[in-house]
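Notes for the one structure printed next.
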Amino acid sequence: MIKKKTKWTIYIIETQSGKYYTGITIDMARRFSEHLNSSKGAKFFNTSLPKSIVYVEYAKNRSMAQIREAVIKKMSRAQKHALITLNREKKIESVN
């Protein structure tokens with residue numbers, strides 16, 4: 001049996017109130033939809049609805065994704081904001 005390679009995604013969602021939520025998934029579109037519209041979304045969003053995905057990075061496996069998620073969750077708000085800003089700047093540079 002051939003094992004399907006799964007790409008794990010670490011993400012940060014900004015809420016409508018400006019808070020950041022960090023999580024991991026193998027299907028970003030499905031997970032964001034769950035956060036928006038279903039009881040399968042994180043309870044975090046019961047108080048403030050998700051606005052947009054502001055940061056995405058990839059890991060080789062679930063273990064590495066969980067480790068990186070834990071590192072990001074321990075960051076201060078300012079550190080998360082800097083990570084998001086740096087990521088946006090890299091994307092802009094790669095387009096130019």
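Throughout, read-outs are computed from the coordinates displayed, never taken from laboratory work. Note that the coordinates shown come from a computational prediction; the quantities given were computed from them, not determined experimentally.
Under a 5 Å amide H cut-off, with hydrogens placed 1.01 Å from N, residue 51 pairs with 14, 15, 16 among residues at least 5 apart or on other chains. The Cα trace of the chain gives Rg and Dmax of 14.2, 47 Å, the first to one decimal, the second as a whole number.
Subtracting the Cα-Cα distance of residue 64 and residue 28 from 0.36 nm times their residue separation leaves 11.3 nm of extension gain.
Using only DSSP helix segments of four residues or longer, with each worth -39500 (n - 2.57), what per-residue ellipticity at 222 nm results for the chain after dividing by its residue count and rounding to 500? If you can, show how the numbers build up before the last one.
Values: 3 runs with 42 residues, N = 96.
Computed mean residue ellipticity for the chain: -14000 deg cm²/dmol.
Full extension of the segment from residue 52 to residue 73, taken as 0.36 nm per residue of separation minus the current Cα-Cα distance, would add 5.8 nm.
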